[in-house]
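Presented below is the structure to which this report refers.
The values are calculated or read from the model by the stated rules, or taken from the named source; none is laboratory data. Predicted model, so just to flag it, every value in this text is computed and none were measured. Quick reminder, even Gly has a Cβ in these numbers, built from the backbone with ideal geometry, and neighbours come from all protein chains shown. What goes into the accessible areas is simple: the full protein's heavy atoms, side chains included, and nothing from ligands, DNA or RNA. Shrake-Rupley method; radii C 1.70, N 1.55, O 1.52, S 1.80 Å.
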Amino acid sequence: MERKTEQPRRRPRADYLRNRERLLTAAAEVFRTHGGQATLEGVAKAAGVGIGTLYRHFPTREALFEAVYRREINEMVALAERLEGEADPVAALRQWVHANIRLIATKQGMLTALALAVDKSSEIYTYSYTSLTGAIARLLERAKEAGRMREDVTPEDLLLTLIGMCLVRTGSGFEDDVIRLADLFLDGLTRG
């Protein structure tokens with residue numbers, strides 16, 4: 001009997017990776033600006049690729065939405081890691097909160113497609129919730145250790161408050177309004 005040897009996986013070609021990145025960047029902007037009216041054709045056009053290229057990377061609309069969402073979550077985690085080195089822990093936390101509001105604004109255009117993420121048993125919900133609370137926890141702890149934040153505030157408190165603020169605000173100027181509300185909220189939790 002002949003044994004099959006497993007072939008090592010080839011690295012994706014550079015143009016494949018470039019196209020994928022262009023699609024994700026374009027999709028995030030298209031979803032953010034056009035919401036539920038965003039089309040896959042619009043995403044492909046904004047990325048400067050054909051619709052066939054989009055479908056090779058993302059066979060369904062939901063696959064594209066989920067990939068954009070995961071990318072945004074990963075960027076938030078990376079931002080928290082970078083901000084941990086900032087001298088002012090409250091300013092670092094505030095910067096992360098502002099970026100998270102922009103993330104939520106991007107997600108608003110994807111809410112229908114990501115309806116499964118609301119199901120707390122779904123993998124994407126678990127991934128996003130765990131990643132975001134972990135990221136905010138590191139920044140919150142630094143602010144608490146510096147004596148600049150109330151001790152009874154949890155990462156979940158901050159995350160759920162941000163989501164709530166974003167859900168009650170919509171339309172033009174949405175992000176600016178929510179950032180202003182979030183700043184007021186953080187000012188109320190901050191010491192000194």
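Tabulated data
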| quantity | calculated |
| --- | --- |
| Cα gyration tensor shape for region 138-192, rounded if a/c is under 1.5, else prolate or oblate | prolate |
| Shape of region 15-104, Cα gyration tensor, a/c cut at 1.5 | prolate |
| Exposure of residue 152 as accessible area (Å², to 10), given a probe of 1.4 Å and all protein chains | 90 |
| Förster radius 35 Å - calculated FRET efficiency between residue 137 and residue 11, Cβ distance, rounded to 0.05 | 0.55 |
